[in-house]
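Enquirer: The structure that follows is given in the form of structure tokens.
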């Protein structure tokens, strides 16, 4: 899942990004509202959650919210702020925020709020994502397959492998290009590397094949890749 973090405090922003990355989120971090709005207007990037600080250089968090909701964009937004007055909370919620977290806060609470937003938002994926014999568990951020006697065989994946598998499981039988994968799974500020997608694909396929996972990710030559379930007997 991809998160847009808009926070102008360098230490806090870095801490949040580090925490979310460890939880296998893809994080774009903007330090002012104008930069964040540029990210939101990028048609090639789809965010599943956003975290806005209230007071920001350029556009404020409230202005970002206003613009989002005017465009009928229902992206779930968690507001971060030092403002703890009831009137301020009401203002943020009325403007379209989905939740509100007062600084200072613990990272465990931030993660819990994000998980709650995922559960409440119908456009986001459920607690589990299952394709073929593979299950992706968002609660534990693990991937596993069931073997005889219904025992769970956990697949050890790196953060990027987890994100790549998740992307394919969310788009079964669809052809996706390398550019689409790169745009969705790598941060906007990341330096582009020509063969990064192909390299990650080789690593992911090797791990899936080593335990006999029945979800083939095939190469569509000259186009991209596809998680092909047309011959999946479990359908």
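Enquirer: Please give the calculated 222 nm ellipticity per residue for the chain, where each DSSP H segment of at least 4 residues contributes -39500 (n - 2.57) and the sum is spread over every residue; nearest 500 deg cm²/dmol?
Expert: When only DSSP H runs of four or more count, the value is -12000 deg cm²/dmol.
Enquirer: May I pose another question? Which residue, 104, 216, 148, has the most motion in a Gaussian network model of the chain that connects Cα atoms within less than 10 Å?
Expert: 148
Enquirer: Taking Cα atoms, how many degrees apart are the long axis of helix 86-95 and the longest axis of the chain, rounded to 10 and kept between 0 and 90?
Expert: The angle comes out near 50 degrees.
Enquirer: Please tell me the relative contact order of the range 3-116 in percent, rounded to the nearest whole number, where contacts are Cα pairs under 8 Å and at least six residues apart.
Expert: This gives 23 percent for the range 3-116.
Enquirer: Here's another thing I want to ask about it. Binning at 10 angstrom from zero up to the longest distance, how are the C-alpha pair distances of the chain distributed in percent?
Expert: Per 10 Å bin, starting at 0, the Cα pair percentages come out as 7, 30, 33, 20, 9, 1.
Enquirer: A further question on this structure: Arranged by the count of other C-beta atoms within 10 angstrom, fewest first, what order do 74, 171, 221 take?
Expert: 221, 74, 171
Enquirer: May I pose another question? Report, to the nearest 10°, how far helix 196-210 tilts away from the longest principal axis of the Cα atoms in the chain, using its own Cα long axis and a range of 0 to 90°.
Expert: Approximately 50 degrees, to the nearest ten.
Enquirer: How high is the FRET efficiency between residue 9 and residue 86 when r is their beta carbon distance and R₀ equals 30 Å, given to the nearest 0.05?
Expert: 0.80
Enquirer: Quote the Stokes-Einstein diffusion coefficient, in whole µm² s⁻¹, for the range 1-42, based on the Kirkwood radius over alpha carbon pairs, a temperature of 37 °C and a viscosity of 0.692 mPa s.
Expert: 316 µm²/s
Enquirer: Cα gyration tensor of the range 38-167, axes a ≥ b ≥ c as square roots of the eigenvalues: rounded (a/c below 1.5), prolate (a/b > b/c) or oblate?
Expert: prolate
Enquirer: Out of 35, 209, 166, any idea which swings most in a Gaussian network model of the chain, alpha carbons joined below 10 Å?
Expert: 209
Enquirer: Treating the angle as unsigned and between 0 and 90°, give the value, to the nearest 10°, between the Cα long axis of helix 61-70 and the longest Cα principal axis of the chain.
Expert: 60 degrees
Enquirer: Let me check against my output: what whole-number percent is the relative contact order of the chain, with C-alpha pairs under 8 Å and at least 6 apart?
Expert: It comes to 16 percent, rounded to a whole number.
Computed from the coordinates by the stated procedures, all read-outs in this text should not be read as laboratory data. What you see is a predicted model; the values in this text were computed from it and never measured. As a convention, Cβ positions derive from the backbone with ideal geometry for all residues, glycine included, and neighbour counts pool all protein chains shown.
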